[in-house]
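Working notes, structure below.
The values are calculated or read from the model by the stated rules, or taken from the named source; none is laboratory data. Everything numeric in this text was worked out from a predicted model, so none of it was measured. As a convention, Cβ positions derive from the backbone with ideal geometry for all residues, glycine included, and neighbour counts pool all protein chains shown.
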Amino acid sequence: MRFECSNIKQYFNRKGSSSIILMLVMTSMAALMSLSVDAGLLYFEESKLQNAVDAAALAAAAKFDKGDMEMLQEAFKYAGLNGIAPETLTIDIAEGQRRISVESTKVVGLHFARIFNIMDASVKARATAVVGNITGVRGLRPLAVEQQSFVLGQSYTLKRGGGDGYCGNYGALALGGSGASNYRNNLKYGYFGTIGMGDMVEIGDEFDTEPGNMAGPTLEGITFILESDPHDHSDGDITNLEVNCPRVIKIPIVDSLSVPGRKTVKIVGFAAFFLEDVIDNGGKTEVSGKFIRKLDEGEIGEAANDFGLFGIKLIE
């Protein structure tokens, strides 16, 4: 086989060109890989930072009724638990402690990008939590109180014993159906059914009253709740109630209970009460509870009336 010099020269020229192209391709791939790895690192760190400021904003909002200082302390506490340095935080509290924003920036050291003399990059995250009046809840007890201005810590009658001229309605509601058995179960465990197209009870929904004394079911249901509480509340102190205390119940606030027999009433809000006692006086069972302010899960809205039951949500 003969090779002429010109052919040999062309061969090595082509080979050299291919090597240069291969080197350029490999360099480009290495650059892309390095950028991808560092981009993934930045995304991971940004996600962590976002979760941290979310937690700090929500925790601070939960202290809205304690004032600015406690809200700030809570924000710094939860930020620290998630590895955020206090000096990187910017916190803004507004709208009467009903809105809090937490922002933080973190410098992230890069790895492969260093070959291009890029040592680090910054990621930023911001979260804003708002506190609003509850407009929809789950787990309501089938008791109702007429709308009024409630006083924190004051005792209220949640169900009357009867005989007071209320045309047979003494504060009981037929949630999800009528009858003693349904009423008793809703007292014990709360109502988690649906109404209309919604998956929770909301302001504006209408329910029938449950007329009559309902003495036996009321006594059994409330006694069940009181006996399920493992803590001693004989001193009547409601300032430091345990989380998920079984004696804290949510009930609807209605437009009126002055209706004759089984009639429809409209829900205008929701409130929380600490159950004090149930008294059976000759077949006329009365339930009392202290009004409390409580943060709870549920839908919130600015237009809802303030009956002391609040929710929190992130808006950014």
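Observations
- Check on ILE249, under 22 Å from LYS159 (Cβ atoms), surrounded by 15 or more Cβ atoms within 10 Å (Cβ to Cβ) and in contact with an Asp or Glu (Cβ under 8 Å, 6 or more places away or on another chain): no
- Contacts under 7 angstrom Cβ, first residue in the stretch 57-80 being within 14 Å of ALA94 (Cα to Cα), partner of a type in the set (Asp, Glu) and at pLDDT 90 or above, 6 or more apart: ALA60/GLU74; LYS63/GLU70; LYS63/GLU74
- Members of the stretch 36-72 that are at pLDDT below 90, within 18 Å of LYS294 (Cβ to Cβ) and assigned to a helix (DSSP H, G or I): PHE64, ASP65, LYS66
- Of all residues in the stretch 230-246 being surrounded by fewer than 15 Cβ atoms within 10 Å (Cβ to Cβ) and in contact (Cβ under 8 Å) with a residue 12 or more places away in the chain, the one that is farthest from CYS167 (Cα to Cα): HIS231
- Residues that are under 22 Å from PHE192 (Cβ atoms), hydrophobic (A, V, I, L, M, F, W, C) and out of contact with any strand residue (DSSP E or B) (no Cβ under 7 Å at 6 or more places or on another chain) do occur in the stretch 238-249.
- Exclusive hit being modelled with pLDDT under 90 and either surrounded by fewer than 16 Cβ atoms within 10 Å (Cβ to Cβ) or not in a loop (DSSP other than H, G, I, E, B) (or both), set GLY80, GLY16: GLY16
- Per the conditions (1) touching a residue at least 40 places away in the same chain (Cβ under 8 Å); (2) surrounded by fewer than 16 Cβ atoms within 10 Å (Cβ to Cβ), the sole criterion not satisfied by PRO142 is (2).
- In the stretch 42-58, the residues that are polar (S, T, N, Q) and more than 13 Å from LEU81 (Cβ to Cβ): SER47, GLN50
- Screening ALA271 with (1) more than 26 Å from the chain's Cα centre (by Cα); (2) surrounded by 20 or more Cβ atoms within 10 Å (Cβ to Cβ); (3) at negative phi; (4) of a type outside the set (Val, Ile, Thr) gives one miss only, at (1).
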